[in-house]
Amino acid sequence: MNTRRPSVSQIPITHHPGSKAVPIINGCASGELNQKAHERLGRYLPVDEEDEVVKLLNLFIDLLPENGSAVLSHDVINQENDAELRQLYNHLIDAMLKPMRSLSGTTPVTSNSPRSTACAGDITNPKVASRRNYSSLKNECLKRDAYRCQVCGIWDRNSVQLHKEVLEAKERSNGRVSPTEVAHILPGALGKFDEDNAAQAENKRIIWECLRRYFSGLDEVISMQSIDSASNALTLTRGIHSNFSSLDITLEETSQPDVYNIIRYIADDDIELDYLPHGEIILRHSDNSIPMPNPFILSVHATIGRILHKSGLAEHLDALMGQHGMPARIEPSKFLVLT
């Protein structure tokens with residue numbers, strides 16, 4: 001995953017082609033809606049033989065949760081022409097896939113970095129506030145996560161050096177140490193915005209509307225204001241954080257509380273993942289006063305990761321960011337860059 005990521009205001013985002021109002025779907029009607037949507041997509045006339053609109057929209061319908069799938073099916077059915085279907089296709093890429101791939105992992109400079117001293121006294125500076133939020137969130141997650149990476153169990157090096165009780169626990173477990181980071185599940189960059197940056201404010205609004213539209217109930221567990229909450233974060237080693245944030249690793253919920261399957265979309269020979277286990281993991285919870293990573297937020301992350309990789313768009317977005325430092329608009333034909 002290319003680490004040169006854009007800011008929210010740099011990403012071109014296509015608006016939803018239909019009404020902003022989210023339709024209320026009767027659970028019994030979802031199957032019928034999905035069938036009608038597939039029939040509508042069957043009547044779509046491709047731009048050329050490599051047009052991917054139908055493939056991607058069908059994939060979204062098949063992989064989104066039931067209510068989100070029904071809402072998207074309703075949206076597909078209600079687009080009057082193929083141009084609007086192409087706009088819907090671009091909207092889903094721009095407002096869901098691009099941000100989750102390109103904005104995840106954009107973390108503030110940590111407090112012990114020499115660069116973090118710039119403007120340190122300016123409490124109104126959003127970057128300073130963001131660093132403080134990050135430091136507070138990391139400490140909170142470390143305490144909850146028993147000072148270890150939630151996925152591989154490696155101990156946080158700094159905590160082992162600073163706290164005698166953590167060092168003793170690490171020695172008893174015969175564990176290894178490594179620097180760790182706090183990883184947002186939904187990108188931290190989707191938090192509060194600069195009110196003077198109209199493009200950033202508008203783009204964040206569109207992204208949040210898209211996520212809430214197709215993941216019903218998301219607004220009940222997280223918002224722009226609560227993006228830096230412990231329920232949207234976990235402690236990870238640097239290598240696992242990088243791959244988790246870019247959706248190359250996701251955690252899939254099981255029937256057991258706090259038990260997740262590790263889903264990999266990256267080769268096992270990556271040296272950064274030497275300590276990444278296979279199969280199931282149990283998330284640690286050493287402080288009951290701090291909320292656990294929210295299962296629904298993790299399911300949103302996992303679903304988008306599945307769509308991103310099954311569509312083949314992950315590699316295309318990486319290539320575009322490598323060339324331009326930001327994802328460009330993608331055409332339905334061959335995912336070409338618009339010039």
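Derivation of every value follows stated rules applied to the coordinates shown; laboratory data play no part. Remember, it's a predicted structure, so these values are computed and weren't measured experimentally. Note that each Cβ is placed from the backbone with ideal geometry, even for glycine, and that neighbours are counted across all protein chains shown.
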Compute the distance from the alpha-carbon center of segment 179-198 to that of segment 271-309, in whole Å.
18
Sorted from largest down, give the three principal axis spans of the alpha carbons of segment 206-267, whole angstrom values.
34, 27, 21
Where a Cα-Cα gap under 16 Å defines reach, which lysines qualify for Lys20, not counting those fewer than 8 residues away within the same chain?
Lys204
Contour minus Cα-Cα span, Ile263 to Glu39, at 0.36 nm per residue, comes to 77.5 nm
What lysines does Lys143 reach when the alpha-carbon gap must be under 18 Å and sequence neighbours fewer than 8 apart in one chain are set aside?
Lys164, Lys170
Which lysines have a Cα lying under 18 Å from the Cα of Lys55, excluding residues fewer than 8 positions away in the same chain?
Lys36, Lys98, Lys310, Lys334
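Over segment 173-268, what relative contact order in percent results from Cα pairs under 8 Å that are six or more residues apart?
Numbers: 87 pairs, mean separation 32.2, N = 96.
With pairs under 8 Å counted, the relative contact order is 34 percent.
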In nanometres, what is the gap between the two model label sites at Val22 and Asp270, each 7 Å from Cα along Cα-to-Cβ?
3.1
Calculate how large, on average over all directions, the projected area of the Cα convex hull of segment 168-272 is; give the answer in nm² to one decimal.
9.7
